[in-house]
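Read through the structure below, which is laid out as structure tokens, and then see the notes.
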Amino acid sequence: MNFYFIRHGETDWNVKKKIQGKTDVPLNENGLNQAKALAKELVRLQPDVMRVYTSPQKRASETARIAAEALGIRCMILDGLKEMDLGEWEGSNWDIIEETYGETYYYWNSHRRYTHTPGGECYNEVLGRALASLGTILEQERGSVLVVTHSAILMVLRCYLARLPFEEMLSFRTKNAAWFSVSAEEIKDALTRFDAGE
């Protein structure tokens with residue numbers, strides 16, 4: 001069993017480099033075309049997927065629906081796959097946040113795992129709920145799945161799987177409509193480590 005992780009297609013806020021977080025921004029025209037191209041690639045490659053799981057947010061669920069329809073399989077929503085809640089920083093961009101929030105931003109940036117954004121989540125909370133969702137999938141499925149989600153979810157998960165400090169997660173950025181695979185064994189190991197407090 002494999003998890004094929006996909007980042008949603010492009011949105012207007014991606015183009016403007018605005019922080020989206022929990023804000024429910026839909027795909028733009030290019031994002032829809034990216035999702036359709038991804039679906040065509042998946043049909044061509046025929047990965048052994050039984051189901052699609054997605055964040056409830058429009059940009060992810062639209063991407064997931066297009067893939068699911070192309071593959072002729074069901075699409076299920078899991079709330080734990082939604083994007084990180086970035087609180088007061090949503091709608092702005094990172095340059096403005098750095099300038100406006102100064103020390104608060106610098107402390108958060110260098111203590112990413114357990115430091116909350118103002119009014120938002122910390123990355124450890126994001127990782128916890130994402131892993132809980134993947135654990136639910138492991139309990140329910142015997143075959144491989146597509147998981148359509150968001151940038152912060154994918155960065156924190158890949159960083160944790162690589163056993164690197166959370167401050168290095170930016171090296172795991174995933175482009176819009178890009179995908180990669182992770183084995184069920186790797187996810188099980190991550191769940192065990194997280195539950196043990198690692």
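List of remarks:
- Span-rule helices in the chain, defined as complete DSSP H runs reaching 20 Å or more along the axis (Cα) with Kyte mean at least -1.0: 29-45, 123-140
- Scattering curve values for the range 1-96, log₁₀ I(q)/I(0), Debye with Cα scatterers, q = 0.16 Å⁻¹: -0.67
- Applying the Kirkwood pairwise sum to the alpha-carbon positions of the range 113-198 produces a hydrodynamic radius of 13.6 angstrom.
- Gyration tensor (alpha-carbon) shape descriptor, the range 143-191, a/c threshold 1.5: oblate
- Efficiency of FRET from Cβ geometry, Glu88 and Thr136, R₀ 41 Å, rounded to 0.05: 0.85
- Ordering His150, His116 by accessible surface, largest first, gives His116, His150; the 1.4 Å probe counts only protein heavy atoms, with every chain in place.
- The range 69-192 - percent of accessible surface contributed by carbon and sulfur, probe 1.4 Å: 49 percent
- For the residue pairs Lys40/Lys188; Lys16/Lys58; Lys36/Lys175; Lys18/Lys58; Lys18/Lys40; Lys16/Lys36, the alpha carbons lie more than 20 Å apart in Lys40/Lys188; Lys18/Lys40; Lys16/Lys36.
- Our estimate of slack between Lys36 and Ile96, defined as 0.36 nm per intervening residue step minus the Cα-Cα distance, is 18.2 nm.
- Distribution of pairwise C-alpha distances over the range 54-160, 5 Å bins, in %: 2, 11, 20, 21, 17, 12, 8, 6, 3, 1
- Heavy-atom accessible surface of the chain, averaged per residue, reaches 48 Å², computed with a 1.4 Å probe.
- The label-point distance for Gln46 and Leu170, in a model that sets each label 7 Å from Cα toward Cβ, rounds to 4.3 nm.
- Remark on Tyr53: its backbone amide H falls under 5 Å from those of Met76, Leu146, Val147, Val148, a criterion applied only to residues 5 or more positions apart or on other chains, H modelled at 1.01 Å from N.
- Rounded if a/c under 1.5, otherwise prolate or oblate - the chain, Cα gyration tensor axes: oblate
- Under 5 Å between amide hydrogens, built in the peptide plane, is the criterion, and for His8 it picks out Thr149, Ala177 among residues at least 5 positions away or on other chains.
The values are calculated or read from the model by the stated rules, or taken from the named source; none is laboratory data. These numbers were taken from a predicted model, which means no experiment stands behind them. Every residue, glycine as well, gets a Cβ built from its backbone with ideal geometry; the counts of neighbours run over all protein chains shown. All accessible areas refer to the heavy atoms of the entire protein, side chains included, with ligands and DNA or RNA removed. Shrake-Rupley method; radii C 1.70, N 1.55, O 1.52, S 1.80 Å.
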